[in-house]
Amino acid sequence: MGNYYQPEIETMPVEQIQKLQSERLTEQVKFVYDNVKFYRDRMDEKGVKPDDINGIEDLYKLPFVTKDDLRNEYPYGLLGVPLSDCVRIQSTSGTTGRRVVAFYTQEDIDVWDECCARAIVAAGGTKDDVCHVCYGYGLFTGGPGLNGGSHKVGCLTLPMSSGNTERQLQFMQDLGSTILCCTPSYAANLGESIKERGLKDKIKLKAGIFGAEPWTEEMRHNIEETLGIKAYDIYGLTEISGPGVSFECSEQAGMHIQEDHFIAEIINPDTGEVLPEGEVGELVFTCITKKAFPLLRYRTRDLCYLTRKPCSCGRTHIRMHKPMGRSDDMMIVKGVNVWPSQIESVILNQGYEANYQIVVDRIGNTDTIEVQVELTPQMAADSSVTIPEREKKIVSGLKSMLGITVDVKVVEPKSIVRSEGKAVRVVDRRNLYC
Ligand code: ADP
Ligand code: ZN
(Lines give C-alpha, C1' and ligand atoms only; values in the text may rest on other atoms or scores of the structure.)
(Ligands and ions follow the chains in the order given, each with its own letter.)
Protein backbone atom coordinates (compact mmCIF):
# COMPACT_ATOMS: atom_id res chain seq x y z
CA MET A 1 0.00 0.00 0.00
CA GLY A 2 1.26 3.46 -0.81
CA ASN A 3 1.54 6.19 1.75
CA TYR A 4 -0.91 8.74 0.43
CA TYR A 5 0.51 11.58 2.40
CA GLN A 6 2.86 12.65 -0.38
CA PRO A 7 5.14 15.27 1.14
CA GLU A 8 7.19 15.62 -2.05
CA ILE A 9 4.03 16.86 -3.75
CA GLU A 10 1.85 18.15 -0.93
CA THR A 11 4.57 20.23 0.76
CA MET A 12 6.46 21.26 -2.38
CA PRO A 13 7.59 24.92 -2.30
CA VAL A 14 5.04 27.14 -4.01
CA GLU A 15 7.40 28.18 -6.85
CA GLN A 16 7.92 24.52 -7.68
CA ILE A 17 4.19 23.74 -7.68
CA GLN A 18 3.64 26.67 -10.00
CA LYS A 19 6.45 25.52 -12.27
CA LEU A 20 4.89 22.06 -12.42
CA GLN A 21 1.48 23.60 -13.14
CA SER A 22 2.95 25.73 -15.92
CA GLU A 23 4.53 22.71 -17.59
CA ARG A 24 1.40 20.64 -17.31
CA LEU A 25 -0.86 23.47 -18.46
CA THR A 26 1.24 24.12 -21.56
CA GLU A 27 1.07 20.46 -22.50
CA GLN A 28 -2.63 20.16 -21.67
CA VAL A 29 -3.58 23.14 -23.84
CA LYS A 30 -1.81 21.59 -26.82
CA PHE A 31 -3.52 18.31 -26.08
CA VAL A 32 -7.04 19.74 -26.00
CA TYR A 33 -6.43 21.98 -29.01
CA ASP A 34 -5.37 18.97 -31.04
CA ASN A 35 -8.05 16.61 -29.75
CA VAL A 36 -11.22 18.54 -28.88
CA LYS A 37 -12.94 20.48 -31.64
CA PHE A 38 -14.92 22.48 -29.08
CA TYR A 39 -11.70 24.00 -27.62
CA ARG A 40 -10.11 24.49 -31.01
CA ASP A 41 -13.13 26.48 -32.20
CA ARG A 42 -13.34 28.51 -28.98
CA MET A 43 -9.65 29.34 -28.99
CA ASP A 44 -9.69 30.20 -32.69
CA GLU A 45 -12.67 32.48 -32.11
CA LYS A 46 -10.68 34.29 -29.41
CA GLY A 47 -7.56 34.33 -31.53
CA VAL A 48 -5.58 32.27 -28.98
CA LYS A 49 -3.13 29.64 -30.22
CA PRO A 50 -1.60 26.88 -28.06
CA ASP A 51 1.79 28.64 -28.45
CA ASP A 52 0.37 31.67 -26.64
CA ILE A 53 0.05 29.61 -23.46
CA ASN A 54 3.46 29.11 -21.92
CA GLY A 55 2.61 29.00 -18.24
CA ILE A 56 0.02 29.80 -15.58
CA GLU A 57 0.54 33.54 -16.20
CA ASP A 58 -1.16 33.01 -19.60
CA LEU A 59 -4.16 31.15 -18.22
CA TYR A 60 -6.37 34.24 -18.35
CA LYS A 61 -6.12 34.22 -22.16
CA LEU A 62 -8.14 31.02 -22.43
CA PRO A 63 -11.93 31.07 -22.84
CA PHE A 64 -14.17 29.92 -19.99
CA VAL A 65 -16.27 26.76 -20.11
CA THR A 66 -19.72 26.76 -18.47
CA LYS A 67 -22.22 24.13 -17.47
CA ASP A 68 -24.35 25.19 -20.44
CA ASP A 69 -21.43 24.32 -22.73
CA LEU A 70 -21.37 20.84 -21.17
CA ARG A 71 -25.08 20.47 -21.73
CA ASN A 72 -24.77 21.62 -25.35
CA GLU A 73 -21.90 19.23 -25.97
CA TYR A 74 -23.67 16.31 -24.26
CA PRO A 75 -22.67 13.54 -24.40
CA TYR A 76 -19.39 13.27 -26.34
CA GLY A 77 -18.50 16.81 -27.43
CA LEU A 78 -15.73 17.37 -24.86
CA LEU A 79 -14.05 13.99 -25.03
CA GLY A 80 -10.27 14.30 -25.23
CA VAL A 81 -9.60 10.64 -26.10
CA PRO A 82 -11.39 8.01 -28.20
CA LEU A 83 -14.40 6.57 -26.42
CA SER A 84 -12.71 3.17 -26.47
CA ASP A 85 -10.01 4.56 -24.09
CA CYS A 86 -12.66 5.53 -21.53
CA VAL A 87 -13.51 3.11 -18.75
CA ARG A 88 -16.18 4.95 -16.74
CA ILE A 89 -18.79 7.65 -16.74
CA GLN A 90 -20.20 9.50 -13.75
CA SER A 91 -22.94 12.06 -13.76
CA THR A 92 -23.84 15.15 -11.71
CA SER A 93 -26.61 14.70 -9.21
CA GLY A 94 -28.69 17.22 -11.13
CA THR A 95 -29.10 19.58 -8.17
CA THR A 96 -29.52 22.39 -10.65
CA GLY A 97 -30.90 21.56 -14.07
CA ARG A 98 -30.12 18.78 -16.50
CA ARG A 99 -27.45 16.27 -15.61
CA VAL A 100 -24.08 16.36 -17.27
CA VAL A 101 -21.93 13.31 -17.94
CA ALA A 102 -18.18 13.11 -17.31
CA PHE A 103 -15.83 10.47 -18.76
CA TYR A 104 -12.70 8.89 -17.27
CA THR A 105 -9.75 6.90 -18.56
CA GLN A 106 -8.19 4.42 -16.13
CA GLU A 107 -5.43 7.01 -15.45
CA ASP A 108 -8.06 9.63 -14.66
CA ILE A 109 -9.67 7.26 -12.16
CA ASP A 110 -6.24 6.57 -10.61
CA VAL A 111 -5.66 10.30 -10.11
CA TRP A 112 -9.13 10.77 -8.63
CA ASP A 113 -8.61 7.84 -6.25
CA GLU A 114 -5.26 9.29 -5.25
CA CYS A 115 -6.83 12.66 -4.42
CA CYS A 116 -9.42 10.91 -2.24
CA ALA A 117 -6.66 8.82 -0.62
CA ARG A 118 -4.82 12.02 0.29
CA ALA A 119 -8.06 13.33 1.84
CA ILE A 120 -8.47 10.18 3.94
CA VAL A 121 -4.85 10.36 5.12
CA ALA A 122 -5.26 14.07 5.95
CA ALA A 123 -8.19 13.05 8.17
CA GLY A 124 -5.91 10.61 10.02
CA GLY A 125 -6.74 7.49 7.98
CA THR A 126 -4.32 4.55 7.74
CA LYS A 127 -4.52 0.95 6.55
CA ASP A 128 -5.79 -0.01 10.00
CA ASP A 129 -8.97 2.00 9.59
CA VAL A 130 -12.44 0.79 8.72
CA CYS A 131 -13.80 3.27 6.24
CA HIS A 132 -17.60 3.39 6.16
CA VAL A 133 -18.69 4.97 2.87
CA CYS A 134 -22.33 5.97 2.84
CA TYR A 135 -22.25 8.51 0.08
CA GLY A 136 -24.46 7.25 -2.72
CA TYR A 137 -22.84 4.83 -5.17
CA GLY A 138 -23.71 4.70 -8.85
CA LEU A 139 -23.63 7.74 -11.11
CA PHE A 140 -23.04 10.07 -8.17
CA THR A 141 -19.31 10.54 -7.58
CA GLY A 142 -19.40 10.51 -3.76
CA GLY A 143 -19.45 6.72 -3.22
CA PRO A 144 -17.06 5.66 -6.01
CA GLY A 145 -14.58 8.46 -5.17
CA LEU A 146 -14.17 7.75 -1.46
CA ASN A 147 -14.34 4.02 -2.15
CA GLY A 148 -11.34 4.28 -4.50
CA GLY A 149 -9.43 6.47 -2.06
CA SER A 150 -10.10 4.09 0.81
CA HIS A 151 -8.76 1.15 -1.21
CA LYS A 152 -5.59 3.06 -2.04
CA VAL A 153 -4.96 3.85 1.62
CA GLY A 154 -5.61 0.20 2.39
CA CYS A 155 -8.50 0.74 4.79
CA LEU A 156 -11.09 -1.97 5.17
CA THR A 157 -13.76 -0.38 2.97
CA LEU A 158 -17.48 -0.74 3.72
CA PRO A 159 -19.28 0.21 0.48
CA MET A 160 -22.57 0.92 2.27
CA SER A 161 -24.05 3.52 -0.10
CA SER A 162 -26.72 5.81 1.34
CA GLY A 163 -29.97 5.03 3.14
CA ASN A 164 -31.11 2.12 5.28
CA THR A 165 -30.00 3.75 8.50
CA GLU A 166 -30.63 0.62 10.61
CA ARG A 167 -28.19 -1.36 8.51
CA GLN A 168 -25.64 1.47 8.62
CA LEU A 169 -25.75 1.47 12.42
CA GLN A 170 -25.54 -2.31 12.63
CA PHE A 171 -22.44 -2.52 10.43
CA MET A 172 -20.91 0.46 12.16
CA GLN A 173 -21.08 -1.42 15.45
CA ASP A 174 -20.35 -4.94 14.21
CA LEU A 175 -17.38 -3.99 12.04
CA GLY A 176 -16.06 -1.12 14.14
CA SER A 177 -16.18 1.64 11.52
CA THR A 178 -13.63 4.33 12.36
CA ILE A 179 -14.02 6.78 9.46
CA LEU A 180 -17.42 7.88 8.18
CA CYS A 181 -17.79 9.32 4.66
CA CYS A 182 -21.14 10.86 3.65
CA THR A 183 -22.93 14.16 3.16
CA PRO A 184 -22.97 16.32 6.30
CA SER A 185 -26.78 16.22 6.34
CA TYR A 186 -26.72 12.41 6.38
CA ALA A 187 -24.05 12.48 9.10
CA ALA A 188 -26.40 14.65 11.18
CA ASN A 189 -29.21 12.21 10.47
CA LEU A 190 -27.03 9.24 11.57
CA GLY A 191 -25.93 11.19 14.66
CA GLU A 192 -29.55 11.75 15.62
CA SER A 193 -30.35 8.04 15.23
CA ILE A 194 -27.29 7.07 17.31
CA LYS A 195 -28.36 9.47 20.05
CA GLU A 196 -31.95 8.19 20.05
CA ARG A 197 -30.80 4.59 20.36
CA GLY A 198 -28.14 5.37 22.97
CA LEU A 199 -25.43 3.80 20.78
CA LYS A 200 -22.70 6.42 21.14
CA ASP A 201 -20.55 4.17 23.36
CA LYS A 202 -20.81 1.28 20.92
CA ILE A 203 -19.54 3.32 17.98
CA LYS A 204 -15.81 3.57 17.30
CA LEU A 205 -15.84 6.44 14.81
CA LYS A 206 -12.95 8.89 15.13
CA ALA A 207 -13.26 11.00 11.99
CA GLY A 208 -15.74 11.92 9.29
CA ILE A 209 -15.12 13.16 5.76
CA PHE A 210 -18.17 15.14 4.76
CA GLY A 211 -18.94 17.10 1.61
CA ALA A 212 -20.95 17.30 -1.61
CA GLU A 213 -23.14 20.07 -0.17
CA PRO A 214 -22.65 23.33 1.73
CA TRP A 215 -22.58 23.08 5.53
CA THR A 216 -21.92 25.60 8.25
CA GLU A 217 -19.38 25.66 11.10
CA GLU A 218 -22.33 25.32 13.49
CA MET A 219 -23.32 22.10 11.76
CA ARG A 220 -19.73 20.87 12.01
CA HIS A 221 -19.76 21.44 15.79
CA ASN A 222 -23.08 19.64 16.13
CA ILE A 223 -21.90 16.61 14.18
CA GLU A 224 -18.57 16.49 16.02
CA GLU A 225 -20.37 16.53 19.32
CA THR A 226 -23.11 13.99 18.56
CA LEU A 227 -20.76 11.53 16.89
CA GLY A 228 -17.71 12.23 19.08
CA ILE A 229 -15.48 12.67 16.02
CA LYS A 230 -13.44 15.25 14.15
CA ALA A 231 -15.38 16.29 11.02
CA TYR A 232 -13.38 17.14 7.89
CA ASP A 233 -14.70 18.96 4.87
CA ILE A 234 -14.10 17.62 1.35
CA TYR A 235 -15.02 19.34 -1.89
CA GLY A 236 -15.33 18.36 -5.49
CA LEU A 237 -17.58 18.27 -8.48
CA THR A 238 -18.27 15.64 -11.09
CA GLU A 239 -17.14 17.81 -13.98
CA ILE A 240 -13.63 18.16 -12.48
CA SER A 241 -13.49 14.51 -11.26
CA GLY A 242 -15.52 14.23 -8.05
CA PRO A 243 -14.75 14.57 -4.34
CA GLY A 244 -11.10 15.18 -3.47
CA VAL A 245 -10.46 18.21 -5.69
CA SER A 246 -9.77 19.82 -2.30
CA PHE A 247 -9.96 18.67 1.31
CA GLU A 248 -9.27 19.78 4.84
CA CYS A 249 -6.22 18.92 6.89
CA SER A 250 -6.22 18.72 10.69
CA GLU A 251 -6.16 22.54 10.89
CA GLN A 252 -9.74 22.65 9.54
CA ALA A 253 -9.03 26.09 8.11
CA GLY A 254 -9.92 25.82 4.44
CA MET A 255 -9.46 22.99 1.96
CA HIS A 256 -6.14 22.36 0.21
CA ILE A 257 -6.67 22.20 -3.57
CA GLN A 258 -4.71 19.40 -5.24
CA GLU A 259 -2.58 21.76 -7.26
CA ASP A 260 -0.58 19.12 -9.07
CA HIS A 261 -3.84 18.25 -10.89
CA PHE A 262 -6.02 21.36 -10.79
CA ILE A 263 -5.38 25.08 -11.17
CA ALA A 264 -7.83 27.28 -9.28
CA GLU A 265 -8.78 30.86 -10.04
CA ILE A 266 -11.35 33.20 -8.52
CA ILE A 267 -13.16 35.48 -10.92
CA ASN A 268 -15.72 38.22 -10.75
CA PRO A 269 -18.83 36.31 -11.90
CA ASP A 270 -20.19 39.33 -13.75
CA THR A 271 -17.10 40.46 -15.65
CA GLY A 272 -14.92 37.34 -15.76
CA GLU A 273 -11.99 39.36 -14.40
CA VAL A 274 -9.51 37.35 -12.29
CA LEU A 275 -9.60 38.50 -8.67
CA PRO A 276 -6.65 38.67 -6.28
CA GLU A 277 -6.13 36.13 -3.49
CA GLY A 278 -8.50 36.69 -0.58
CA GLU A 279 -11.37 38.17 -2.59
CA VAL A 280 -14.67 36.30 -2.80
CA GLY A 281 -15.79 35.33 -6.28
CA GLU A 282 -16.59 32.38 -8.50
CA LEU A 283 -14.24 29.44 -8.37
CA VAL A 284 -12.83 28.32 -11.73
CA PHE A 285 -10.85 25.12 -12.31
CA THR A 286 -8.48 23.97 -15.01
CA CYS A 287 -7.64 20.27 -15.12
CA ILE A 288 -3.98 19.79 -16.03
CA THR A 289 -3.69 16.01 -15.93
CA LYS A 290 -7.14 14.69 -16.88
CA LYS A 291 -7.44 13.29 -20.38
CA ALA A 292 -10.95 11.94 -21.02
CA PHE A 293 -12.83 15.05 -19.90
CA PRO A 294 -10.18 17.76 -19.81
CA LEU A 295 -11.96 20.92 -18.68
CA LEU A 296 -10.14 24.23 -18.99
CA ARG A 297 -11.27 27.26 -16.96
CA TYR A 298 -14.51 25.62 -15.90
CA ARG A 299 -16.85 27.98 -14.05
CA THR A 300 -18.15 26.11 -11.00
CA ARG A 301 -20.64 28.78 -9.85
CA ASP A 302 -19.35 28.09 -6.33
CA LEU A 303 -18.47 31.24 -4.46
CA CYS A 304 -15.47 31.34 -2.13
CA TYR A 305 -11.98 32.79 -1.74
CA LEU A 306 -8.45 31.37 -1.89
CA THR A 307 -5.55 31.75 0.50
CA ARG A 308 -1.85 30.92 0.27
CA LYS A 309 -1.16 31.76 3.89
CA PRO A 310 1.13 29.02 5.23
CA CYS A 311 -0.76 26.17 6.89
CA SER A 312 0.70 24.61 10.02
CA CYS A 313 0.05 21.12 8.63
CA GLY A 314 2.97 21.75 6.25
CA ARG A 315 0.95 21.39 3.06
CA THR A 316 1.71 24.19 0.64
CA HIS A 317 -1.21 23.70 -1.73
CA ILE A 318 -3.49 26.72 -1.89
CA ARG A 319 -6.59 26.57 0.32
CA MET A 320 -10.17 27.44 -0.67
CA HIS A 321 -12.59 28.64 1.94
CA LYS A 322 -15.72 26.52 2.33
CA PRO A 323 -18.13 27.67 -0.40
CA MET A 324 -21.17 29.30 1.16
CA GLY A 325 -23.18 27.81 -1.68
CA ARG A 326 -23.48 28.07 -5.40
CA SER A 327 -24.35 31.37 -6.96
CA ASP A 328 -27.61 29.67 -7.96
CA ASP A 329 -28.35 28.62 -4.33
CA MET A 330 -28.66 32.28 -3.44
CA MET A 331 -32.26 33.40 -3.21
CA ILE A 332 -33.35 36.94 -3.76
CA VAL A 333 -36.24 37.46 -1.38
CA LYS A 334 -37.86 40.86 -0.95
CA GLY A 335 -34.91 42.23 -2.90
CA VAL A 336 -32.36 40.89 -0.42
CA ASN A 337 -29.76 38.16 -1.04
CA VAL A 338 -30.46 35.18 1.20
CA TRP A 339 -28.23 32.11 1.54
CA PRO A 340 -29.60 28.92 3.10
CA SER A 341 -26.31 28.69 5.05
CA GLN A 342 -27.05 31.99 6.83
CA ILE A 343 -30.39 30.61 7.98
CA GLU A 344 -28.74 27.37 9.08
CA SER A 345 -26.22 29.15 11.23
CA VAL A 346 -28.91 31.19 13.08
CA ILE A 347 -31.02 28.11 13.77
CA LEU A 348 -28.14 25.96 14.99
CA ASN A 349 -26.83 28.79 17.16
CA GLN A 350 -30.17 28.75 18.99
CA GLY A 351 -29.74 25.07 19.87
CA TYR A 352 -31.87 23.50 17.14
CA GLU A 353 -30.57 20.71 14.96
CA ALA A 354 -30.13 20.89 11.20
CA ASN A 355 -33.70 19.86 10.49
CA TYR A 356 -35.23 22.79 8.72
CA GLN A 357 -36.83 23.74 5.47
CA ILE A 358 -37.14 27.07 3.71
CA VAL A 359 -40.28 27.73 1.68
CA VAL A 360 -40.26 30.75 -0.61
CA ASP A 361 -43.43 31.85 -2.37
CA ARG A 362 -44.98 34.89 -3.98
CA ILE A 363 -48.34 36.34 -3.10
CA GLY A 364 -49.35 38.97 -5.64
CA ASN A 365 -46.12 40.85 -6.20
CA THR A 366 -44.71 40.19 -2.77
CA ASP A 367 -42.22 37.48 -1.90
CA THR A 368 -42.84 35.46 1.22
CA ILE A 369 -40.33 33.31 3.03
CA GLU A 370 -41.14 30.80 5.74
CA VAL A 371 -38.56 28.87 7.67
CA GLN A 372 -39.82 25.68 9.27
CA VAL A 373 -37.67 24.60 12.18
CA GLU A 374 -38.03 21.34 14.03
CA LEU A 375 -38.02 21.08 17.82
CA THR A 376 -35.48 18.70 19.30
CA PRO A 377 -37.08 16.05 21.57
CA GLN A 378 -35.62 17.85 24.64
CA MET A 379 -37.17 21.14 23.55
CA ALA A 380 -40.52 19.44 22.99
CA ALA A 381 -40.40 18.13 26.57
CA ASP A 382 -39.52 21.53 28.01
CA SER A 383 -42.67 23.51 28.80
CA SER A 384 -40.84 26.55 30.17
CA VAL A 385 -40.54 28.11 26.70
CA THR A 386 -43.64 28.39 24.52
CA ILE A 387 -43.67 27.86 20.75
CA PRO A 388 -44.57 31.53 20.03
CA GLU A 389 -41.60 32.59 22.21
CA ARG A 390 -39.32 30.28 20.27
CA GLU A 391 -40.62 31.55 16.95
CA LYS A 392 -40.14 35.16 18.02
CA LYS A 393 -36.53 34.51 18.99
CA ILE A 394 -35.73 32.86 15.65
CA VAL A 395 -37.47 35.68 13.72
CA SER A 396 -35.30 38.18 15.57
CA GLY A 397 -32.09 36.19 14.96
CA LEU A 398 -32.90 35.93 11.26
CA LYS A 399 -33.77 39.62 11.07
CA SER A 400 -30.33 40.60 12.38
CA MET A 401 -28.61 38.15 10.02
CA LEU A 402 -30.61 38.88 6.86
CA GLY A 403 -32.13 42.31 7.41
CA ILE A 404 -35.62 41.13 6.48
CA THR A 405 -38.52 39.67 8.43
CA VAL A 406 -38.97 35.98 7.85
CA ASP A 407 -41.98 33.92 8.92
CA VAL A 408 -40.94 31.14 11.24
CA LYS A 409 -42.90 28.05 12.08
CA VAL A 410 -41.59 25.77 14.80
CA VAL A 411 -42.78 22.23 14.10
CA GLU A 412 -42.91 18.96 16.03
CA PRO A 413 -39.91 16.59 16.23
CA LYS A 414 -39.58 14.30 13.19
CA SER A 415 -41.91 16.29 10.97
CA ILE A 416 -39.22 17.37 8.48
CA VAL A 417 -37.99 14.75 6.03
CA ARG A 418 -34.43 13.55 6.77
CA SER A 419 -31.73 13.59 4.13
CA GLU A 420 -29.88 10.50 2.97
CA GLY A 421 -27.78 12.27 0.36
CA LYS A 422 -27.71 15.91 -0.63
CA ALA A 423 -30.30 17.71 1.51
CA VAL A 424 -33.01 19.74 -0.20
CA ARG A 425 -33.31 22.78 2.06
CA VAL A 426 -35.24 25.16 -0.16
CA VAL A 427 -38.63 24.83 -1.77
CA ASP A 428 -39.01 27.82 -4.07
CA ARG A 429 -42.61 27.88 -5.24
CA ARG A 430 -42.04 31.11 -7.16
CA ASN A 431 -40.46 29.04 -9.94
CA LEU A 432 -43.87 27.49 -10.57
CA TYR A 433 -45.20 30.78 -11.92
CA CYS A 434 -42.32 31.49 -14.32
P1 ADP B 1 -24.59 18.78 -8.94
O2 ADP B 1 -24.03 19.94 -9.71
O3 ADP B 1 -25.70 18.12 -9.67
O4 ADP B 1 -24.89 19.03 -7.50
P5 ADP B 1 -22.23 17.29 -8.08
O6 ADP B 1 -22.76 16.14 -7.36
O7 ADP B 1 -21.03 17.10 -8.92
O8 ADP B 1 -23.37 17.76 -9.01
O9 ADP B 1 -21.99 18.45 -7.04
C10 ADP B 1 -20.93 19.35 -7.02
C11 ADP B 1 -21.32 20.58 -6.24
O12 ADP B 1 -21.61 20.25 -4.88
C13 ADP B 1 -20.22 21.61 -6.15
O14 ADP B 1 -20.14 22.42 -7.29
C15 ADP B 1 -20.62 22.39 -4.91
O16 ADP B 1 -21.63 23.33 -5.22
C17 ADP B 1 -21.23 21.34 -4.02
N18 ADP B 1 -20.23 20.88 -3.03
C19 ADP B 1 -19.45 19.78 -3.10
N20 ADP B 1 -18.68 19.67 -1.99
C21 ADP B 1 -18.98 20.73 -1.21
C22 ADP B 1 -18.52 21.21 0.07
N23 ADP B 1 -17.62 20.54 0.78
N24 ADP B 1 -19.04 22.36 0.54
C25 ADP B 1 -19.95 23.06 -0.16
N26 ADP B 1 -20.45 22.67 -1.35
C27 ADP B 1 -19.96 21.53 -1.87
ZN1 ZN C 1 -3.16 22.30 6.09
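The values are calculated or read from the model by the stated rules, or taken from the named source; none is laboratory data. If you're wondering where the values come from, they're calculated on a predicted model, not measured in any experiment. With ideal geometry, Cβ positions are generated from the backbone for all residues, glycine too; neighbour counts draw on all protein chains shown. Note: accessible area is taken over every heavy atom of the protein model, side chains too, but ligands, DNA and RNA are not part of it. Shrake-Rupley method; radii C 1.70, N 1.55, O 1.52, S 1.80 Å.
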What does the highest-first list of 72-82, 379-389, 208-218 look like by mean Cβ count within 10 Å? 208-218, 72-82, 379-389
For Val65, the residues 5 or more places away or on another chain with a placed amide H closer than 5 Å to its own amide H are Tyr298, Arg299
Is the shape of region 355-434 rounded, prolate or oblate, going by the alpha carbon gyration tensor and its root eigenvalues a ≥ b ≥ c, with a/c under 1.5 for rounded and a/b larger than b/c for prolate? oblate
Explain nothing, just the number: relative contact order of region 278-422, from Cα pairs under 8 Å at least 6 residues apart, as a whole percent. 16 percent
For Thr289 and Ser396, calculate 0.36 nm times their separation in residues minus their Cα-Cα distance, and state this gained length in nm to one decimal. 33.5 nm
What accessible area per residue, rounded to a whole number of Å², is obtained for region 1-148 using a probe radius of 1.4 Å? 45 Å²
Antiparallel bridges, percent of DSSP beta bridges restricted to the chain (to nearest 5): 60 percent
Between beta-carbons, use under 12 Å as the cut-off and find the net charge around Phe210, counting Lys and Arg +1, Asp and Glu -1. 0
If you roll a 1.4 Å probe over the chain with all protein chains in place, what percent of the accessible area is carbon or sulfur? 51 percent
Whole-Hz Karplus ³J(HN,Hα) for region 322-335, in order, using 6.51 cos²θ - 1.76 cosθ + 1.60 and θ = phi - 60°, x for Gly and Pro? 3, x, 6, x, 7, 4, 8, 7, 6, 9, 9, 10, 6, x
Just add up the charged neighbours of Cys182: K/R +1, D/E -1, any other residue whose Cβ is under 13 Å from the Cβ of Cys182. -1
Using Cα pairs under 8 angstrom and six or more residues apart, how large is the relative contact order of the chain, in percent? 14 percent
Which value in deg cm²/dmol, rounded to the nearest 500, describes the helix-derived mean residue ellipticity at 222 nm for the chain, given -39,500 (n - 2.57) per DSSP H run of n ≥ 4 and division by the residue count? -9500 deg cm²/dmol
Quick one: compute the contact order of region 111-247, relative version, from alpha carbon pairs under 8 angstrom and 6+ residues apart, as a percent. 26 percent
Cut-off 19 Å, label 7 Å out along Cα→Cβ of Ser312, residues of region 223-250 by amide N: 230-233, 248-250
Quick check: pseudo-label points 7 Å beyond the Cα along Cα→Cβ at Asp270 and Asp51, how many nm apart are they? 3.9 nm
In whole Hz, with x marking every Gly and Pro, tabulate ³J(HN,Hα) for region 30-40 from phi via Karplus 6.51 cos²θ - 1.76 cosθ + 1.60, θ = phi - 60°. 4, 4, 6, 4, 6, 10, 10, 4, 3, 5, 4
